[in-house]
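A quick write-up on the structure given underneath.
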């Protein structure tokens, strides 16, 4: 049995232990359809490294746990009780701005194990989330919410952007990644800097919202 088959076997066993695919999808922050694609009767996708890491963290298992065949023997950890443990913290990679651009350009090439630094938060995020430091003063506001140079933001690519959300976006695939506030006005979308010294830019259909900002952390010196 190869690693792909072992991962699928373990995840199916987890689903059975906690009440089925619907419950597993709930704990992992996915839809029932997404989980069925991985462990259904006729699965159409394999469990990748990033999602395997997400499963292990969700169920408080050590790194690499999903790659080992556990269910020929009875486990005694208690994790599969009627009320399985919920995640109280989430670990995500802390990366540079250039690494964030590479991540968003080719997400399949990276896993959370690729980057040595990490950040722990109790805010629920997906396996596609990462932390990055803000560069420049475009999101420094004279009042209200402000993101000064050097603060750390948590970006999640597995989220939908709404009017007023803080986002990472690109005007075109060739442009650099931008941190702005999304403003929706009728059928048009704009990227607004919080610093009034910089202009608002229209986000055309060629543009892309790459991630939603979920959290900001600021270190006091």
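The values are calculated or read from the model by the stated rules, or taken from the named source; none is laboratory data. A quick note: this is a predicted structure, and the numbers were derived from the prediction, not measured. For neighbour counting, all protein chains shown are included, and Cβ atoms are generated from backbone atoms with ideal geometry for every residue, glycine included.
Which of the residues that make up the range 8-48 are in a loop (DSSP other than H, G, I, E, B) and touching a residue at least 60 places away in the same chain (Cβ under 8 Å)? Walk me through it before giving the result.
Narrowing the range 8-48 to residues in a loop (DSSP other than H, G, I, E, B): 19-20, 29-31, 40-48.
Passing the criteria: 29, 48.
Of the residues making up the range 116-125, those that are in a loop (DSSP other than H, G, I, E, B) and either assigned by TED's automatic domain parsing to the domain that holds residue 55 or surrounded by 12 or more Cβ atoms within 10 Å (Cβ to Cβ) (or both) are 123, 124, 125. Put simply, of 172, 157, 208, 152 the only residue that is surrounded by 14 or more Cβ atoms within 10 Å (Cβ to Cβ), farther than 28 Å from residue 25 by Cβ and in contact (Cβ under 8 Å) with a residue 24 or more places away in the chain is 152.
Residue check: is residue 128 surrounded by 11 or more Cβ atoms within 10 Å (Cβ to Cβ), modelled with pLDDT of 70 or more and over 14 Å from residue 155 (Cα atoms)?
no
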